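Scroll down for the structure; my scribbles are underneath it.
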Amino acid sequence: MHVGHAVPPVSPSSSNEVEIVPLTAEQWRDLKRLRIGALTESPDSFGPTAESARAHDDEYWRRGAQRAAESDDFEMFIVRRDGEGLGLASANRDRDGVGHIGAMWVDPSLRGQGVGARLFDRAVGHLRELGCKRIELSVTETNALAIALYESRGFALMGEFEPLREGSPLKNLFMQWNET
C-alpha cells in the first residue's frame, strides 16, 4: 500500500522472490537473530545496541514474538527469502490511535531492490487498516536513503529530534504522516 503521492510505489517485480509476513510466536529465534543482526550491521541506525540486545535471555525474545503474534495493536513483519528471515519492521498503534513504525531493517543483500519500500509499505498499510490517521517514526540523521524513502511515501520531518543514544553525536529525527 502506498500512502504518499510524491512518487509511485515500487513495483513488486523487482523483489518478488521475497515475501513479507507477520512474525508468529514460534519464530522468536528469527526475531532475536534479525534484531541482533540489524543492531550489529547498522549500529548507527538504532538507539539500542547489539550488546544490549545480546544481554536479553531467550525468554525476552519469546515474549516479544508472542506479543507481536497476539496483539491487535502491534505487528512485527519479517522479510523472508526461501524461508530465511532477511529483514524486519514493527508497526504499533498506541492508545491514542497513532501509528508508529520501528525496527525497520533489511539485510544488505536485499538493498537496492525495492524490498525496503515493500516492507515499509506493508507496515504502514497495516497501521492504516487499523484506522491510524497519523503515523510517526524516527530515523538517524545520517540515513539519507531511509529519509528519502519515507519522504517519498508522504512522511515529513517534524523539526524535532533527540540524541540517538547517550554519548552519541548523532540525532534521531522525527517524521510524521497525516491522512489528508
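Numerical summary
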{"item": "Hey, Glu136 free of Cβ contacts under 8 Å to residues at least 60 places away in the same chain, surrounded by fewer than 14 Cβ atoms within 10 Å (Cβ to Cβ) and not in a loop (DSSP other than H, G, I, E, B) or not", "result": "no"}
{"item": "Criterion (more than 22 Å from Ala146 (Cβ to Cβ) and aliphatic (A, V, I, L, M)) met by exactly one of Ala65, Ala50", "result": "Ala65"}
{"item": "From Asp72, Asp121, Asp107, Asp82, residue being among the charged types (D, E, K, R) and over 19 Å from Val18 (Cα atoms)", "result": "Asp72"}
{"item": "Some residue of region 107-130 being of a type in the set (S, T, N, Q) and touching a strand residue (DSSP E or B) at 6+ places or on another chain (Cβ under 8 Å)", "result": "yes"}
{"item": "Residue count, region 165-180 (criterion: farther than 17 Å from Val98 by Cβ, of a type outside the set (Asp, Glu) and out of contact with any Gly (no Cβ under 6 Å at 6 or more places or on another chain))", "result": "7"}
{"item": "Any pair with Cβ under 7 angstrom, 6 or more apart, that starts in region 41-55 at a residue that is closer than 13 Å to Ala103 by Cβ and ends at one that is among the basic types (Lys, Arg)", "result": "Gly47/Arg165; Ala53/Arg35"}
{"item": "Some residue of region 166-177 being more than 21 Å from Leu23 (Cβ to Cβ), at pLDDT 95 or above, buried (at least 19 other Cβ atoms within 10 Å of the Cβ) and aromatic (Phe, Trp, Tyr)", "result": "yes"}
{"item": "Set Gly154, Gly131: member being surrounded by fewer than 16 Cβ atoms within 10 Å (Cβ to Cβ), at pLDDT 95 or above and in a loop (DSSP other than H, G, I, E, B)", "result": "Gly131"}
{"item": "When residues of region 32-53 are limited to those that are in contact with a Leu (Cβ under 6 Å, 6 or more places away or on another chain) and buried (at least 18 other Cβ atoms within 10 Å of the Cβ), the one farthest from Arg165 (Cα to Cα)", "result": "Leu34"}
{"item": "Condition met for Ala123 (under 12 Å from the mean Cα position of the chain (by Cα) and at negative phi)", "result": "yes"}
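The values are calculated or read from the model by the stated rules, or taken from the named source; none is laboratory data. Owing to the predicted nature of the structure, the values given are computational and were not obtained by experimental measurement. No Cβ is skipped: glycine too gets one built from the backbone with ideal geometry, and neighbour counts run over all protein chains shown.
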